[in-house]
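Q: Next up is a structure, given as structure tokens.
The values are calculated or read from the model by the stated rules, or taken from the named source; none is laboratory data. From a predicted model like this one, the values you see are computed outputs, not experimental measurements. Every residue, glycine among them, receives a Cβ derived from its backbone with ideal geometry; neighbour counts consider all protein chains shown.
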Amino acid sequence: MLSDGRPIGAHLPLGTGMVRAAERAAEIGADAIQVFSDNPTAWRRRASPPAELPAFRRRLKALGIAPLAIHVSYLVNLAGPDEEFFERSVAILRDELVTARRYGARFVNVHIGSHRGRGSEFGLARVAESVARAFADGRDGPDAQDSLPDQTGGPTDAASSEDTPGPADDPILVLENSAGGGFGMGASVEELAAILDAIAARGVEPERVGICLDAAHLWGAGYRISEPAEVDALVDRFDRAIGLPRLRMIHLNDSRSELGSHTDRHQHVGAGQIGSAGLRRLVTHPALAGVTYFLETPGMDEGYDAINLDRVRRLVRGEPLPDLEPHELELRGSRSRSAPADEAPAR
Ligand SMILES: [Zn+2]
Ligand SMILES: [Zn+2]
């Protein structure tokens, strides 16, 4: 927890074990955790929940790690014109909403996707349709019923009693801003507002849908958040266009891309183009105290999870950040992007 009580977490890999990831979150002093529930770069979904899920939920609870966010597969495109791709995307989103209830996840975080050149109006209608259908199907569709039976153990299982979905357990769908490359939607606050309006017009309750701002994506989209005054301006702009209560998550990533480049390459906190001053303002802005922060910085499974969390704490305290070596600045995040194993590893 940061000094003013706002929660901070990290996207942690589950490939070496779900319980291990929960324990790692506690070790590095994270409050919250973001994970993949399945392979983020494959359409095929696991047939049944991971065997380790009940133990994972118990461990998170015991350690007080919350909230849990599930990041949806990168393949999903909620805005695209291809029918088959679109139907698969709706199915994955629906599946993740069901999975989130089973995991006890508060947030389902998804990239909005690309209209592939068909224009913003087309994309808006697609996103609204996909979200409305995912929620409708996820709540009372046959797939939800099929996939909900408890496969995790007997009545002594702490998690099983929590598997019955109810309104209080309903996850919040958190749409992430894009850097704007490849006709990616939601690169501006105004377009995010239009997307939320279009979803609400399809009858989805506004409380069920929020926004995640990824700092590296903001930078790629052209928001000069390296300057604290520009962070303040962005916060005001978001509040006017959308309302700050709907800003649920911030991905506190630095960027190695150029401002306005529409590309998205994450960097260690304070070691990229955005730098310390802007990220410090983003993580200490008084109006953002209700937001959950997550790191998606490089080298999560190589010890940089702890290093970057420490860098955030230093930022909050107003301390200078230690320099990183050139090879550290070249680390990639991809090895962190692992889903739970089908079988719990031997421990
Ligand atoms: Zn993301
Ligand atoms: Zn992100």
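Q: Run down Leu234, Leu244 and say which single residue is crowded, with 18+ Cβ neighbours inside 10 Å, among the hydrophobic types (A, V, I, L, M, F, W, C) and at pLDDT 95 or above. If you could, list the steps in order and put the result at the bottom.
A: Working: Leu244 fails: crowded, with 18+ Cβ neighbours inside 10 Å.
Going through Leu234, Leu244 in turn, just one is crowded, with 18+ Cβ neighbours inside 10 Å, among the hydrophobic types (A, V, I, L, M, F, W, C) and at pLDDT 95 or above: Leu234.
Q: Pairs please, first residue from segment 218-232 and over 17 Å from Met249 (Cα atoms), second anywhere and crowded, with 16+ Cβ neighbours inside 10 Å and among the aromatic types (Phe, Trp, Tyr), Cβ atoms under 9 Å, 6+ apart in sequence or on different chains.
A: Every condition considered, the pairs that remain are Ser226/Trp219; Glu230/Tyr223.
Q: Something else now. Would you say Ala21 is touching a strand residue (DSSP E or B) at 6+ places or on another chain (Cβ under 9 Å) and hydrophobic (A, V, I, L, M, F, W, C)? Steps first, answer last, please.
A: Numbers: touching a strand residue (DSSP E or B) at 6+ places or on another chain (Cβ under 9 Å): yes; hydrophobic (A, V, I, L, M, F, W, C): yes.
In short, yes.
Q: Next question. What's the number of the condition Arg248 fails, among (1) within 21 Å of Leu68 (Cβ to Cβ); (2) charged (D, E, K, R); (3) in a helix (DSSP H, G or I)?
A: Among (1) within 21 Å of Leu68 (Cβ to Cβ); (2) charged (D, E, K, R); (3) in a helix (DSSP H, G or I), the lone unmet condition for Arg248 is (3).
Q: Determine which member of the set Ala66, Ala79, Ala51 is assigned to a loop (DSSP other than H, G, I, E, B), of a type in the set (A, V, I, L, M, F, W, C) and buried (at least 22 other Cβ atoms within 10 Å of the Cβ). It would help to see each step written out before you state the result.
A: Values: Ala66 fails: buried (at least 22 other Cβ atoms within 10 Å of the Cβ); Ala51 fails: buried (at least 22 other Cβ atoms within 10 Å of the Cβ).
It is Ala79.
Q: Follow-up question, since we're still on this one. Could you please let me know if Ala91 is modelled with pLDDT of 95 or more and within 16 Å of ligand 1 (Cβ to nearest atom)? Break it down into steps so the answer makes sense when it comes.
A: On the way: modelled with pLDDT of 95 or more: yes; within 16 Å of ligand 1 (Cβ to nearest atom): no.
No: the conditions fail for Ala91.
Q: Which numbered condition in (1) crowded, with 22+ Cβ neighbours inside 10 Å; (2) under 26 Å from Ala22 (Cα atoms); (3) modelled with pLDDT of 95 or more is the only one that Met300 fails?
A: For Met300, the exception is condition (3).
Q: Which of the residues that make up segment 140-197 are modelled with pLDDT of 95 or more, part of a helix (DSSP H, G or I) and acidic (Asp, Glu)? Walk me through it before giving the result.
A: Of all residues in segment 140-197, those modelled with pLDDT of 95 or more come to 171-197.
From the residues that got through so far, the ones that are part of a helix (DSSP H, G or I) too are 181-183, 189-197.
Residues satisfying the conditions are Glu190, Glu191, Asp197.
Q: Might you let me know whether segment 21-43 holds any residue that is surrounded by fewer than 22 Cβ atoms within 10 Å (Cβ to Cβ), at pLDDT below 95 and among the small types (Gly, Ala, Ser)?
A: Taking every residue of segment 21-43 in turn, at least one turns out to be surrounded by fewer than 22 Cβ atoms within 10 Å (Cβ to Cβ), at pLDDT below 95 and among the small types (Gly, Ala, Ser).
Q: If you go through segment 213-250, how many residues are in contact with a Leu (Cβ under 7 Å, 6 or more places away or on another chain), closer than 16 Å to Gly290 by Cα and within 16 Å of ligand 2 (Cβ to nearest atom)?
A: Total meeting the criteria: 3.
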